[in-house]
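What follows is one structure encoded as structure tokens, with my remarks underneath.
The values are calculated or read from the model by the stated rules, or taken from the named source; none is laboratory data. Since the model is a prediction, treat every value here as computed from it, not as a measurement. Note: ideal-geometry Cβ built from the backbone for every residue, glycine included; neighbour counts use all protein chains shown. These accessible areas exclude ligands, DNA and RNA; they are computed on the full protein's heavy atoms, side chains included. Shrake-Rupley method; radii C 1.70, N 1.55, O 1.52, S 1.80 Å.
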Amino acid sequence: MAILKVCRMGNPVLRRIAAEIPPTRVPHPEVQRLIDDLVETMTDEAGIGLAAPQVHQSVRLVVLGDPAPDPEDVAAIPLTVLVNPRWVHRSVEIDEAWEGCLSLPGLRGLVPRSKQVTVAGLDRWGEPVELAAEGYLARVLQHEIDHLDGILYLDRMADLTRLTFLEEYHRYWRPEPEEEADSEDDPDGEEPG
């Protein structure tokens, strides 16, 4: 496994629509190595998700979650690999929450997203999988799948006055401690890729 370089906003690969991976290629060593490298890079960068375009690979592959989740943490997202994900459903009910991105280091933005989603695709071995999610997991899925379509969270923001550097987020925008305890989104911890 290797830690790959994460590209930043401005790199053209982040604005391309990524190519599908032929299902028969998913079990092959080069795709499996890319999956392992994505997980290793995501973990090293303290992210909760990472899309292949973020490491200069314009293919439809995302990883998210924790490779070693705490079994006591009911909110933990287990490691998930999605190849060629496609939307089955996105709720019209929207929620706004703060997001960060490994390709936009040091920034946070208030982003509207569907509260509930269902996505279908292939797992790490090329088997069909469908995942229904709500809350934070739904947000992370939308963030990562957006990367496959050349979309950054800035593009989803309704109000760019809610874009801030992390230091200013802590100073002016961070929820009060009692609000934070009620929130399932943690913009200070792991962030979507």
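Criterion first (surrounded by fewer than 21 Cβ atoms within 10 Å (Cβ to Cβ) and closer than 26 Å to residue 136 by Cα) does residue 65 satisfy it?
In short, yes.
Which of (1) charged (D, E, K, R); (2) closer than 14 Å to residue 81 by Cβ; (3) open to solvent by 40 Å² or more (accessible area, probe 1.4 Å) does residue 37 not meet, given it meets every other one?
(3)
Report yes if residue 169 is open to solvent by less than 30 Å² (accessible area, probe 1.4 Å) and at pLDDT below 95, otherwise no.
Yes.
Given the structure, is residue 126 small (Gly, Ala, Ser) and either at pLDDT below 95 or farther than 24 Å from residue 12 by Cα (or both)?
Yes: the conditions hold for residue 126.
When only residues in the range 126-155 that are within 22 Å of residue 75 (Cβ to Cβ) and assigned to a strand (DSSP E or B) count, which is least open to solvent (accessible area, probe 1.4 Å)?
133
Which residue pairs have Cβ atoms under 7 Å apart, sit 6 or more places apart or on different chains, and have a first residue in the range 94-107 that is open to solvent by 10 Å² or more (accessible area, probe 1.4 Å) and at pLDDT 95 or above and a second that is outside any strand (DSSP E or B) and among the β-branched types (Val, Ile, Thr)?
102/6
Counting only residues that are more than 13 Å from residue 81 (Cβ to Cβ) and part of a loop (DSSP other than H, G, I, E, B), which one in the range 12-30 is least open to solvent (accessible area, probe 1.4 Å)?
Residue satisfying both the conditions and the ranking: 18.
Out of everything in the range 36-70 that is of a type in the set (A, V, I, L, M) and out of contact with any strand residue (DSSP E or B) (no Cβ under 7 Å at 6 or more places or on another chain), what residue ends up being modelled with the lowest pLDDT?
This residue is 68.
State yes or no: is residue 9 among the aliphatic types (A, V, I, L, M) and open to solvent by 10 Å² or more (accessible area, probe 1.4 Å)?
Yes, satisfied.
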